[in-house]
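Have a look at the structure below before the remarks.
The values are calculated or read from the model by the stated rules, or taken from the named source; none is laboratory data. These numbers come from a predicted model, not from an experiment. Positions of Cβ are generated from backbone atoms using ideal geometry, with glycine treated the same way; all protein chains shown enter the neighbour counts.
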Amino acid sequence: PRNAAAGAVRQLDPAATAKRNLAFFAYSAAGLDVASQAQLLQRLRDLGVRTNTHWRAATEVDAVLAFVNEWRQKRQELDYGTDGVVVKVDRIEDQEKLGFVANNPRWATAFKFPAEQATTTIEDILIYVGRTGVLTPVAALAPVLVGGTTVKRATLHNLDEVHRLDVRKGDRVVIQRAGDVIPEVVRAEVDAREKGKDFPVFEMPETCPVCGGDVEHSEGEVAYRCGNPACPAKTGQRIGHFVGRGGMDIEGMGWALVTQLQERGYVADPADVFFLSKEQLLGLDRFAEKSATNIYERIQAARRRPLARVLNALGMPHVGWTTSEDLAKWLAPKLPDKPRFADALRLLREASAEDLQAIEGVGAIVAKSIYDHLHDPEEQRGLDRLAEANIEVVPPVVRAIAASSPLAGKTVVFTGNLENRSREDAEALAKSLGAKVTGSVSAKTDLVVAGPGAGSKLEKARQLGVKVVDEATFEAMLR
């Protein structure tokens with residue numbers, strides 16, 4: 001339900017969102033003359049605003065804990081999902097005195113319920129092949145209801161994890177949804193194995209279950225990979241990544257469409273997307289003139305994209321958003337006016353592994369990975385074909401950063417929700433002022449900007465003694 005609600009809110013068409021009949025509980029409001037949280041909720045109800053009625057005022061800790069335990073037992077009686085109870089100081093005056101730390105109120109805390117668990121049977125252990133060829137074991141389960149959702153699959157991550165859990169086909173297993181979201185196997189009920197019945201130990205296959213190619217495994221690595229560069233599973237995943245939000249962001253090109261294009265033989269590589277004709281799209285199942293035209297026009301619009309986005313769309317091993325942006329900054333001053341992807345590809349191919357390693361933010365392993373990918377004979381067709389697609393790349397504007405900039409040379413991490421600007425905008429602003437934005441906190445981090453909902457990153461920052469500020473303080477620093 002949570003994922004469905006989030007998806008409904010993010011619809012590009014407001015009319016589509018209106019049809020989803022979404023509702024919400026209000027828990028706060030500004031500008032109301034009230035003395036307590038209890039009065040606030042009552043005032044909201046008087047105004048006709050829906051609020052949650054399952055709350056209780058308490059004067060003792062024991063009463064608070066009793067309420068938490070009560071709803072831990074009764075959570076399934078609700079017609080919506082919940083993963084915990086929030087406890088607040090009631091008096092608004094006391095809330096104001098206690099204040100916030102990094103946008104987290106000192107006057108409120110959350111008691112999270114243990115993840116709901118259920119027992120079911122592993123009917124089979126399947127193999128999922130990702131875009132880099134990594135084989136991931138997945139437990140096919142007898143359907144079971146967990147946290148209001150019917151679960152039929154649960155990832156087993158890798159062979160080492162399967163052996164650690166000693167999970168086997170036919171086992172009774174305990175599963176839970178990690179964070180009440182991702183299904184995972186917690187343990188196998190080994191004692192429940194029927195005596196005399198065969199429960200074979202799981203091992204990775206020697207050939208890819210999709211294409212029959214050889215499975216490769218390097219000593220010291222956890223991953224097992226399909227070695228066939230033309231594996232349909234790898235290709236499909238790569239195309240899906242290429243056209244997805246983290247790549248060229250072509251709206252409407254979901255997995256079903258990618259699969260159909262593969263099955264028709266229209267695409268065998270991400271670059272093939274740009275050579276699709278409207279006639280080919282019209283011939284697809286459930287595609288009429290309007291839908292084919294829309295997809296075709298979106299593909300054409302994607303011929304102009306920020307350079308970092310195009311580099312990230314390539315799906316090079318060990319290269320994510322941050323490294324793509326680092327590469328784009330390095331390439332920017334070297335590119336001609338109105339550059340095309342072909343220009344960027346030429347410069348990257350001319351660079352040695354040592355040249356790439358010299359780029360700020362790119363280490364030895366990543367540099368070698370980029371170099372190997374760009375010079376891998378099996379990757380050349382796709383890269384060359386993409387260069388022929390006449391894609392205009394928009395390089396980042398690299399400005400000289402004043403030494404007086406408050407973020408010059410600083411490593412910054414954003415965590416939690418921001419209220420005044422999107423995370424993407426905040427990160428872009430920080431980078432424009434000379435900061436290096438990363439996704440994890442370490443001893444090298446200079447500043448953590450934390451909003452409501454900040455979790456493990458905020459905790460780690462505190463443990464390491466890293467400076468933490470809220471959004472308002474961050475904005476004030478930049479004035």
Residue match in region 237-260 (condition: of a type in the set (A, V, I, L, M) and touching a Leu at 6+ places or on another chain (Cβ under 6 Å)): no
Unmet requirement for Lys97, which otherwise passes all of (1) surrounded by fewer than 16 Cβ atoms within 10 Å (Cβ to Cβ); (2) among the charged types (D, E, K, R); (3) assigned by TED's automatic domain parsing to the domain that holds Pro183: (3)
Residues being in contact with a helix residue (DSSP H, G or I) (Cβ under 7 Å, 6 or more places away or on another chain) and modelled with pLDDT under 90 - total across region 451-479: 1
Candidate set: region 316-357, residues that are within 24 Å of Glu427 (Cβ to Cβ) and not in a helix (DSSP H, G or I); chosen: the one nearest to the chain's Cα centre (by Cα): Gly320
Strands (runs of 3 or more DSSP E) wholly inside region 112-182 containing at least 1 residues that are of a type in the set (A, V, I, L, M) and closer than 22 Å to Lys195 by Cα: 117-129, 135-146, 172-178
Which listed residue is out of contact with any Asp or Glu (no Cβ under 6 Å at 6 or more places or on another chain) and either assigned by TED's automatic domain parsing to the domain that holds Gly315 or not aromatic (Phe, Trp, Tyr) (or both), from Gly133, Gly147: Gly133
Qualifying residue in region 349-372 (condition: under 25 Å from Gln300 (Cα atoms) and loosely packed, with under 13 Cβ neighbours inside 10 Å): no
Residue that is surrounded by the fewest Cβ atoms within 10 Å (Cβ to Cβ) [pool: residues in region 421-479 that are β-branched (Val, Ile, Thr) and part of a loop (DSSP other than H, G, I, E, B)]: Thr438
Residue that is farthest from Tyr80 (Cα to Cα) [pool: residues in region 19-55 that are in a helix (DSSP H, G or I) and not charged (D, E, K, R)]: Gln39
Helices (runs of 4 or more DSSP H) lying entirely in region 193-283 (those with 1 or more residues that are over 26 Å from the mean Cα position of the chain (by Cα) and of a type outside the set (Gly, Ala, Ser)): 255-263, 278-282
Criterion (surrounded by fewer than 20 Cβ atoms within 10 Å (Cβ to Cβ), closer than 28 Å to Thr323 by Cα and at pLDDT 95 or above) met by exactly one of Gln280, Gln300: Gln300
